[in-house]
Amino acid sequence: MEGLTFGSKTIKLGLSCLLHLQQKLKKAELKGSVWSKCPLFSDIAEADRPALLKCLGGTRKCFKKNGFVFKTGGKAEALGVVLSGAVQVLRQDYWGNRLLVDRVEPGGVFSEAFSCLGGGLLPVSVQTLEDSEILLINCRKIFTTCSPACAFHATMTRNLALILAEKAVVLTRRLTHVTQPSTREKLLSFLSEQARLAGGNSFDIPFSRQELADYLAVDRSAMSGVISKLKADKLLSCRRNHFELLSNR
């Protein structure tokens, strides 16, 4: 019996090790998929990744949930790439009122504009929404060619320019929402755009209710009241972050 019991424990240990190995492999696959979908690394071959990271001096750092990658008033020396987890970019005034500037998922880039300017102080904070791993890259190293010059810099400079242009377009869209005269119109403007981007009237939004209120720069309670009124008027139906726009307007 002892031998059988020992054998049973050995089998359990083997299964445990196998599960642990599978989890590590899944994480490795995730990192690879993050690389492939990150616009900063577009058109850079997988085989060139180690040399690229060495050239740029990129560093990986892990942050716990609700930790700060950057804080308001800190130096803008690096841009970040989310490898796992998620972060939010926040602007906060003297009285603690928050404005959600952006939410960044795996493969996304943040603080690129501030890093490009270099030397200034950050007007925003970047906080993790969950345990996250971040790749930090000094933006100036992207623009500085190596001594023998490599092809990475030209490609990444182009990619960075495209990211900055896309962020400018996104900012313009957001201004369209937040400059509407009422909470109702801000919300309808945002939801209309989400429906257009989704290609239909049923879609998920990337924000919780509090995050959506922060994004639109409105009071959460007031926004919840507007949503209830829109549901009562049969202009929309929603559950958590899933919305469906109805045509009775």
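Here are the numbers for the structure shown:
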read-out: Length-normalised contact order for the range 37-177 - Cα pairs under 8 Å, 6+ apart - percent; value: 34 percent
read-out: Alpha carbon Rg of the range 37-177, scaled by the compact-globule rule 2.2 N^0.38 Å; value: 1.06
read-out: Potential extension, Phe143-Leu121 segment - 0.36 nm per residue separation minus Cα distance; value: 5.9 nm
read-out: Whole-Hz couplings from phi, Karplus 6.51/-1.76/1.60, listed for the range 47-55; x for Gly and Pro; value: 5, 8, 4, x, 5, 5, 5, 5, 4
read-out: Asp204 paired with Ser192, simple spin-label distance in nm, labels 7 Å along Cα-to-beta-carbon; value: 2.6 nm
read-out: Proxy reagent accessibility, fewest Cβ within 10 Å first, across Asp219, Asp214; value: Asp219, Asp214
read-out: For peptides 41-47, 196-202, sequence by mean Cβ density within 10 Å, most packed first; value: 41-47, 196-202
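Only the coordinates and a few stated rules stand behind these numbers; no lab work does. As the structure is a prediction and not an experimental result, all values here were calculated from the model. Virtual Cβ from ideal backbone geometry, glycine too; neighbours counted across all protein chains shown.
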